[in-house]
Structures are given as C-alpha cells and as structure tokens.
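Undergrad: What follows is a single structure, and I will ask about it in a moment.
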Amino acid sequence: MVESDILAVIFCFSCLIYASGMDIKSRSVTNRLWLLMIAAGVPIASYNLLIYRIPFLISLSFSLLLTSALSYLCFRFNLFGGADAKSLICISLLIPAHPCFHFFSHHFPFSSSLNTGLVLFPFAISTLLNATILTLTVSFAMFFYNLLNLRPEERRKNLGLLFIGYKLHLDKLTDLKHTRLVHSYEEKEGNIEKKFLFGGVEIDKEAIEKLKSYAVEGKLDEEVWVTPDLPFMLFITAGFVISIFYGNFLFVFV
C-alpha cells in the first residue's frame, strides 16, 4: 500500500504543479490533464481494490461522493472554478484517504487507515480546507491595505468589502489582468444602480467605457471596487503539500 500511495502522491503533485502554472498564466487548465489523472487513478484504485477489497471500496466511494458533492456546490456558488473542482475530484480518486506513510498522523482525528474502511475525512477535503485557510492570508492582506489607504468614513461605509477587494481608479482598469469588478453597474431612471455580485464581474473594454461614461456624467465616482481573480489551483497545490507533510490546519486550530 505504501508503494501505491507514494506513486499516487508523486503523480498528483506533478499534475498540480503543471495545473498551477497554467492557472497563474491564463486562469484556465486543460481538461486533458484531468483525463490523464483519471486514466492513472483507475488502475491504481483497481490495484488497491484487489488487495484491500471492501474496506478500500468504502473509503474510495465515500471520498469520491463527498468530494464530488462539495466541489460541485462550491462551483455552483462561484466559490472556485471548474478546474479547481475537477482537480479535487481527481485527487479523491487517486488518494481517497490520508496516505499510510503520513508523517504526522496525530493531526488526523477523523481519519484512519484504509484497511479499517473508516475514512471519515477524505484527503481531498483536507486539501481543500488547507487551501481555503491559505487564501485567508490574501483577505487579511487586503484588509490591512485598505486600513492604510482608505479614509475612516470609507472604511466604515464599505466594511464588508475590506477583506475581498480594494478601490482602483477607472484609468487603471484598461491594462488590468486577472481582476474583476466587485459590483455590477446599471443605469435606471437616470441613476446608477450598484449591485454586489458574488464572484465579481468581468472587466472588459465595454464595461470600462460604460463606467467612464458614468463618471464623466457625474453619476459615478472615478474609483471602483475590484477584487483579484486568485489562481486557486496554486492554493490547492499548497494545501495538498501541507496535507502530506503536516496535516489539516483546521484540526490544529480546533
């Protein structure tokens, strides 16, 4: 079992590194990578099934079902992209439970070895939780940036936005990459209606020209709230490594 775990971990890590590079560059990952991971995961899972039979089948089924359901919900609610969801599902196939060669098994009170069939906290979910906690560092960085750069009245007025975005002048939107508007803007009865959209709004030439026209007419400030489009695959990769070498951050905090 150790040999198959090591093989799965090395293969997963290699694929995640490649996916992270693509995500950083273009915020998209080719589906061929996920097909490759599935193609490798099926024979590895089949081998473990032959060796460990029903206990492994229980572990694998629970890992796939829970990870797939949670990934789908996160995708539908725009918490992350389709590539992120697919990567977690592939991890759940290749590594259903925390590897048996884990260095710090005492950090996993909700997991056990595959030969018991009682995997209550799949490895892919630990990876996701670690990745999510890591993204909080970006949120706190934006919060402190806003504390230093916004006037007190602006901070009080936009308290809910301090952790997710920052204000930027309209002139700086033109060459901006991997960033989205926090709000959508529509003109109704001579007034600009601003609506918060979870996940943000894409910034394109048409959107910039519309915002600038509103500003020229005096209907909109020359600064708008924007939010970075984070390469979440990079955080998933980091969460994967942390899960292997350290454990689950959530249980350490608890």
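Undergrad: Within the range 85-101, does at least one residue satisfy the condition of being of a type in the set (Lys, Arg), at pLDDT 95 or above and closer than 22 Å to residue 241 by Cβ?
TA: yes
Undergrad: Considering only the range 39-93, state which residues are among the aliphatic types (A, V, I, L, M) and loosely packed, with under 14 Cβ neighbours inside 10 Å.
TA: Result: 39, 42, 50, 51, 54, 65, 69, 73.
Undergrad: Considering (1) modelled with pLDDT of 90 or more; (2) within 25 Å of residue 18 (Cβ to Cβ), say which one residue 246 fails and leave the rest.
TA: Going through (1) modelled with pLDDT of 90 or more; (2) within 25 Å of residue 18 (Cβ to Cβ) one by one, residue 246 breaks only (1).
Undergrad: Looking at (1) in contact (Cβ under 8 Å) with a residue 24 or more places away in the chain; (2) closer than 30 Å to residue 228 by Cβ, find the lone condition where residue 32 falls short.
TA: (1)
Undergrad: Every residue in the range 206-252 that is farther than 16 Å from residue 174 by Cβ and free of Cβ contacts under 8 Å to residues at least 12 places away in the same chain, please.
TA: Scanning the range 206-252 gives 217, 218, 221.
Undergrad: Mind counting the residues in the range 176-216 that are touching a strand residue (DSSP E or B) at 6+ places or on another chain (Cβ under 9 Å) and outside any helix (DSSP H, G or I)?
TA: Final tally of qualifying residues: 22.
Undergrad: I'd like the full set of residues that are surrounded by 15 or more Cβ atoms within 10 Å (Cβ to Cβ) and within 22 Å of residue 162 (Cβ to Cβ), limited to the range 193-222.
TA: Those that are surrounded by 15 or more Cβ atoms within 10 Å (Cβ to Cβ) and within 22 Å of residue 162 (Cβ to Cβ): 200, 201, 203, 211, 220.
Undergrad: Taking only the range 148-175 into account, find how many residues are small (Gly, Ala, Ser), assigned to a helix (DSSP H, G or I) and either surrounded by 11 or more Cβ atoms within 10 Å (Cβ to Cβ) or in contact with a helix residue (DSSP H, G or I) (Cβ under 8 Å, 6 or more places away or on another chain) (or both).
TA: Result for the range 148-175: 0.
Undergrad: Would you say residue 39 is within 17 Å of the chain's Cα centre (by Cα), in the same structural domain as residue 131 (by TED's automatic domain parsing), farther than 21 Å from residue 231 by Cα and at pLDDT 95 or above?
TA: No; evaluated as a whole, the condition is false for this residue.
The values are calculated or read from the model by the stated rules, or taken from the named source; none is laboratory data. Small disclaimer: the values here were computed from a predicted structure and weren't measured. For neighbour counting, all protein chains shown are included, and Cβ atoms are generated from backbone atoms with ideal geometry for every residue, glycine included.
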